[in-house]
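Notes to accompany the following structure.
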Amino acid sequence: MNSILQTSLVIVFLLSFGKSLHAQQRTMDSTHRKLMMDSLRVRDTVINEIFNLREAYLRKTVRIRTDSSMNQSQQRNALALIRRQTNFEIKLLLGDAKFEKYVQMIRSRMRTRNPTGSTLAGDGG
């Protein structure tokens, strides 16, 4: 097989694999949204707000972690601050009782995915 054909096949495979992963992520997100909506007994609009807050949190964490002007201590402090802010905003949306249930859901999910990792909720909630 010539190199152009081989390269083309590899590109097609990678593109289809990437689409497959993206489709799997969309399905997982959809399932997670439904689970949260049912478990927390909230409307889809509230779940959308929570997901938007979490996405914004993740974008901010990437910016902080890649900011070479900050040392590790400054990064840790900045990350803790945005985690507290995000949790505060989610708590405003859900109220105290539903927020605690939300935190437990996130921690449980993270333990199954990464037994030693930290969660968006952090250690202190």
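Structure notes:
- The alpha-carbon of Lys101 sits under 13 angstrom from the alpha-carbons of these aspartates and glutamates, leaving out residues fewer than 8 places away in its chain: Asp38.
- Here the label points at Leu35 and Ser108, each 7 Å from Cα along the C-beta direction, are separated by 0.9 nm in the simple model.
Taken together, the values in this text are just the output of simple stated rules run on the coordinates, not laboratory data. Note that the structure is predicted; figures quoted are calculated from it, not measured. Cβ atoms come from the backbone with ideal geometry, glycine included; neighbour counts cover every protein chain shown.
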